[in-house]
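Chemist: This is the structure I want to talk about, given as C-alpha cells.
The values are calculated or read from the model by the stated rules, or taken from the named source; none is laboratory data. Keep in mind it's a predicted model, so treat the numbers as computed, not measured. Every residue, glycine as well, gets a Cβ built from its backbone with ideal geometry; the counts of neighbours run over all protein chains shown. These accessible areas exclude ligands, DNA and RNA; they are computed on the full protein's heavy atoms, side chains included. Shrake-Rupley method; radii C 1.70, N 1.55, O 1.52, S 1.80 Å.
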Amino acid sequence: MKQYTAVAVAVSLLVVTGVVHGLMLDRWGPPDRLIKAAERLENVPASIGDWTSRDLEVSEQVQMIAGSQGMLSRVYTHRPTGSTVNILIVCGRPGPVSEHPPTVCFTSSGFRLAEKERKYLVKGRNDVELGEFWLGDFTKTSDLVPENLRTFWGWSADGRWEAADSPRLKYAPFPVLYKLYVTRPMIRTGDDIDDNDLAIQFMHLLLPQLQTALFDKGQHQTPSAAVDTKENPTPQ
C-alpha cells in the first residue's frame, strides 16, 4: 500500500510540475493580464509636447528573441530643433524581459560601452522623482563614421521605473514587466549629464505619459497580486 501511495505522490508531483512549467512558458497561450498589458502600449501618445513620432517595425523574430508579448519601437522628433530620441518599450513576463540590457544587445551589434554604466535619477518639477535608470554611452567605430549613442534603461512592474541590480530576481513575483530604453545620438561619448540633456528633457514629458498609458486606472501590480490562481498560479 505504501508503494502505491509513493507512486501516486510521484505522479502527482510530475503532473503539477508539468502544469507549472507549461504556464510559465505560456504553453497554453498567454494569460489575459499579459495580453492586456501589451495592448496598453497602444495608449502611449504619438505626440508629446513639441515632439512628434513615427513607429518603427519590429520583426516577429526580434520579439521572440526578446521574449516579449508586445513591443513598441518609436522615433520622436523635436519639431523646433529636428533632434531625435528613440524609445523601445518591451512588455512580457519578467523572466525574459529582465534580460538583454543594452550592455548585451548593443555590444552584439558592434557597439562597445565607452565607460562603465551608472545609475541616474530623473527628477521633474519640485524635485519629484520620475524614475531611476541605468545610463550608458556606447560607441561604434567599425564604420567609416563613428556612431555614438547615449541610452537610459530601466524596468517597471508597478509604475515605478527602476535601475534594478538584479531585475530577474527583483521582478520574479510579478506577472508582467515593462522595460524601457530611451536612446539619443551623440557627437561624442562622455559628455556631462544634466537636465539640459535632450533625452532628460524628453523623459520629463514621456514618463508621466507612460504612467497614464500603462499603469493608471487601477492597473498597478503587487507581488501578492501576482499569485493569482486564475491567471498565474505560480510566481515566475
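Chemist: Can you flag which of Lys36/Lys170; Lys119/Lys170; Lys119/Lys179; Lys116/Lys140 are past 19 Å Cα-Cα?
Modeler: Correct reply: Lys36/Lys170.
Chemist: Hey, how much of the P(r) for the stretch 30-98 falls beyond 15 Å, as a percent of Cα pairs?
Modeler: 57 percent
Chemist: For the stretch 65-77, take each phi angle, set θ = phi - 60°, evaluate the Karplus expression 6.51 cos²θ - 1.76 cosθ + 1.60, and give the result in whole Hz per residue in order, putting x for glycine and proline.
Modeler: Taking θ as phi minus 60°, the curve returns 4, 6, x, 9, 8, x, 8, 10, 10, 8, 10, 9, 10 Hz for the stretch 65-77.
Chemist: Can I ask one more? Quick query: amide H of Ala164 versus all other amide H atoms, modeled in the peptide plane; which residues come in under 5 Å with a sequence gap of 5 or more or a different chain?
Modeler: For Ala164, whose amide H was placed from the backbone, the distant partners under 5 Å are Trp155.
Chemist: Let me ask you something else. Report the local net charge at Met186: Lys and Arg +1, Asp and Glu -1, summed over other residues whose C-beta lies under 11 Å from its C-beta.
Modeler: After counting each charged neighbour, the total is -1.
Chemist: With θ set to phi - 60° and the Karplus curve 6.51 cos²θ - 1.76 cosθ + 1.60, what are the ³J(HN,Hα) couplings of the stretch 148-164 in order, to the nearest whole Hz, using x for Gly and Pro?
Modeler: 10, 9, 10, 10, 10, 8, x, 10, 8, 10, 9, x, 9, 7, 9, 9, 5
Chemist: Leaving ligands and nucleic acids out of the surface, order Thr84, Thr183 by accessible area at 1.4 Å, largest first.
Modeler: Ranking Thr84, Thr183 by accessible area, largest first, yields Thr84, Thr183.
Chemist: In units of 2.2 N^0.38 Å, what is the alpha-carbon radius of gyration of the stretch 151-216?
Modeler: Output field value: 1.27.
Chemist: Relative contact order of the stretch 44-145, please, whole-number percent, based on alpha carbon pairs below 8 angstrom and at least 6 residues apart.
Modeler: 17 percent
Chemist: Taking only the Cα atoms of the stretch 72-157, how large is their convex hull per residue, in Å³?
Modeler: 134 Å³
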